[in-house]
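Down below is the structure, laid out as structure tokens.
The values are calculated or read from the model by the stated rules, or taken from the named source; none is laboratory data. Computed from a predicted structure; not experimentally measured. With ideal geometry, Cβ positions are generated from the backbone for all residues, glycine too; neighbour counts draw on all protein chains shown. Just so you know, the surface numbers come from the protein's heavy atoms only, side chains and all, with ligands and any DNA or RNA stripped out. Shrake-Rupley method; radii C 1.70, N 1.55, O 1.52, S 1.80 Å.
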Amino acid sequence: MTKTWWKEAVIYQIYPRSFKDSNGDGIGDLAGIIEKLDYLAQLGVDILWLSPIYQSPNDDNGYDISDYRAIMTEFGDLATFERMLAAIHERGMKLMLDLVVNHSSDEHRWFQESRKSKDNPYRDYYFWRPEKPVSWPSFFGGEAWEYDAATGEYYLHLFSKKQPDLNWENPKLREEVYDMMRFWLDKGVDGFRMDVIPFISKRLEWPAVDWSDFPKIVEEVYANGPRLHEFLQEMHREVLSHYPITTVGEAPGVPPSLANTYVGEDRQELDMIFHFGHMFLDWGPGGKFDLTTWDLRDFKRVFNEWYAALGETGWVSIFLDNHDFPRLVSRWGNDGEYRIPSAKLLAILLLSQRGTPSIYQGTEIGMTNVAFPSIEDYRDIETLNTWREAQEKGADLEQLLAAIHQQGRDNVRTPVQWDDTPHAGFTTAPAPWIKVNPNYPHINAAAVLADPNSIFYFYQQLLSFRKAHLTWVYGEYVMLDNNDTRLYAYRRWDENGDFYFFLNFSDEDFHGLPGPALTQMSLVMGNYPDTQTAYLRPWEARVYEVEGRRSEVGNRR
Ligand code: ISL
Ligand code: CA
């Protein structure tokens, strides 16, 4: 196992629009991020990944870019960016930008040109066809091929109509993208998170798909296209290999069996990917708002499979939530009575898998999902499009609102709750761009900073423990309880240490822990104040270390 800084690092994801507003317009911005860098340094994270900060009409909150070399007006300007980058570096942290190059905005100059005429020099920067080649579902509702009246042809958009897909078959487009990447890297940026990167190579025979199984379409048709690895290797050769940076590809549709085609050490492509198996467990055939049941065995299986598939040569970044999925404590924990212990339990899980953890903003405060009473309060294009389609079909809107409360992306896009003043101290504007979660008077950063037993300090401790015990990073992993639906128990070990993790994912006591007797090990940490019991209480998590067996464990494989 090769040792390197980005395997030992921890990522913290900022969704700038919702992080901190510095100038009272209701929208988070770069100067707001600068204000909070000391807070992030205090937490102890290493790499700040910012969701897109480029010029954008915000059809999809910045994932629709109209100018890759300019900062979104609402977020600041290049001078503020440079100031932010320097301030991040001064604190010993690194900056990772979001690279969104599967598609641009329809307001990007390239697309404006492209749609003008069939012989425009930018025509082939996108996919145009005289007839609709196939009926494919777009991620945000409706079809992925859109008729454009100007030239009477159709263009492809896997996401919204305002996010036309870029044509990577065109070497000129690829050169433009590489140039743009160099522009940011030359400023000193330390890496990229690459948006839906497995989608950039299209299946140009446009295969027919079965609309009733969306995850299958993503895996078999949208992702992992024929020239994908050629493009990634070219990008690596042309750009990435010339800078001391790191990369993580967002990888929906990539099964464990293909993992090492992206991140295998011999590939010269990406350092890490984010895998999605656990994110789709609760999706029914109708997609994310069609909820289905799952249990902890399914969840554990995802991590086992990825661990096994990566072996000693590939690496991933681990996430339990991000700006697209529900809050981790609401989805995998219990955000009511056991919010604090379950948030801490999930912190242990997140920071002790083999992979680079990615913490989403607000997780360290214990922020939860939100349940706005009316669709008027929602802002996300996916949520709003789904609502509109349901209305047109005459579907059950009450049921849909309940599903939005559980699954909608705005659950994680409400402003970060800084304190108990109006709008949680996020903004001084009369109203932020999206409402604050009404639970902010008791769930906020000021409160966790004032409480030595808070989720915040638990993260802080875990982050420094992980740095000091690289067994948690590089050590081997084995699950102890594959078939249990409530207990997640595993061991991580190498020549420097041997740790047992016991996590009770339930509202009841758990008796009958596997592994060595607890009395033979020493307790490293736990999320309950007293730890004398021989069983685990609801959402209790404990980590033990086996002392004095270190020389032995090396022989155990
Ligand atoms: O949120 C999802 C669907 O409900 C995910 O499947 C998501 O669309 C997918 O992971 C791709 O996400 C990325 O690209 C999108 C953008 O809207 C997301 O915010 C981004 O993370 C298009 O750029
Ligand atoms: Ca602002």
*Considering the range 115-141 alone, what residues qualify as being within 15 Å of ligand 1 (Cβ to nearest atom), surrounded by fewer than 20 Cβ atoms within 10 Å (Cβ to Cβ) and in contact (Cβ under 8 Å) with a residue 60 or more places away in the chain?*
PRO137, GLY141
*asked:* I need a count of the residues in the range 490-527 that are loosely packed, with under 14 Cβ neighbours inside 10 Å and within 26 Å of the chain's Cα centre (by Cα).
replied: 0
*Within the range 66-77, can you find the residues that are part of a helix (DSSP H, G or I) and surrounded by 22 or more Cβ atoms within 10 Å (Cβ to Cβ)?*
PHE75
*Just checking, which of GLU219, GLU250, GLU205, GLU175 is acidic (Asp, Glu), within 29 Å of PRO137 (Cα to Cα), surrounded by fewer than 16 Cβ atoms within 10 Å (Cβ to Cβ) and away from ligand 2 (no atom under 16 Å from the Cβ)?*
GLU205
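Residue by residue, here is whether (1) in contact (Cβ under 8 Å) with a residue 60 or more places away in the chain; (2) within 16 Å of ligand 2 (Cβ to nearest atom); (3) outside any helix (DSSP H, G or I) holds:
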site: GLY32; (1), (2), (3): no, yes, no
site: ALA41; (1), (2), (3): no, no, no
site: LEU48; (1), (2), (3): no, no, yes
site: ASN58; (1), (2), (3): no, yes, yes
site: ASP64; (1), (2), (3): yes, no, yes
site: ARG83; (1), (2), (3): no, yes, no
site: GLY92; (1), (2), (3): no, no, yes
site: MET96; (1), (2), (3): yes, no, yes
site: GLU113; (1), (2), (3): no, no, no
*Is it the case that GLU230 is over 21 Å from the mean Cα position of the chain (by Cα), touching a residue at least 60 places away in the same chain (Cβ under 8 Å), closer than 30 Å to ARG182 by Cα and outside any strand (DSSP E or B)?*
no
*What is the one condition in (1) within 16 Å of ligand 2 (Cβ to nearest atom); (2) assigned to a helix (DSSP H, G or I); (3) under 30 Å from GLY355 (Cα atoms) that HIS423 does not satisfy?*
(3)
*Go through the residues of the range 25-43 one by one and say whether even a single one is farther than 28 Å from LYS162 by Cβ, more than 15 Å from ligand 1 (Cβ to nearest atom), open to solvent by 50 Å² or more (accessible area, probe 1.4 Å) and of a type in the set (A, V, I, L, M, F, W, C).*
no
_If I filter the range 315-336 for residues that are open to solvent by 40 Å² or more (accessible area, probe 1.4 Å), in the same structural domain as GLU382 (by TED's automatic domain parsing), in a loop (DSSP other than H, G, I, E, B) and at pLDDT 95 or above, do I get at least one hit?_
yes
*Read through the list (1) within 20 Å of GLU376 (Cβ to Cβ); (2) within 16 Å of ligand 2 (Cβ to nearest atom), then give the number of the only condition that ARG409 fails.*
(2)
*asked:* Of the conditions (1) under 23 Å from MET272 (Cα atoms); (2) free of Cβ contacts under 8 Å to residues at least 24 places away in the same chain, PHE192 satisfies every one except a single condition; which number is it?
replied: (2)
*If a residue has to be over 21 Å from the mean Cα position of the chain (by Cα), assigned to a loop (DSSP other than H, G, I, E, B) and not aromatic (Phe, Trp, Tyr) to count, how many in the range 402-420 make the cut?*
2
*Matching residues, the range 1-30, being assigned to a helix (DSSP H, G or I) and within 20 Å of LEU449 (Cβ to Cβ)*: SER18
*Counting residues that are within 27 Å of TRP283 (Cα to Cα), which strands (runs of 3 or more DSSP E) fully inside the range 119-214 reach at least 2?*
145-148, 191-194
*asked:* Of everything in the range 44-74, what is under 19 Å from SER22 (Cα atoms) and more than 16 Å from ligand 1 (Cβ to nearest atom)? Give them in sequence order.
replied: LEU48, ILE71, THR73, GLU74
*Check THR428 against each of (1) in a loop (DSSP other than H, G, I, E, B); (2) among the β-branched types (Val, Ile, Thr); (3) open to solvent by less than 40 Å² (accessible area, probe 1.4 Å) and name the one condition it does not meet.*
(3)
*How many of the residues making up the range 488-534 are part of a strand (DSSP E or B) and in contact with a helix residue (DSSP H, G or I) (Cβ under 8 Å, 6 or more places away or on another chain)?*
12
*Subset tally (residues that are open to solvent by 40 Å² or more (accessible area, probe 1.4 Å) and farther than 27 Å from GLU337 by Cα) for the range 368-383*: 2
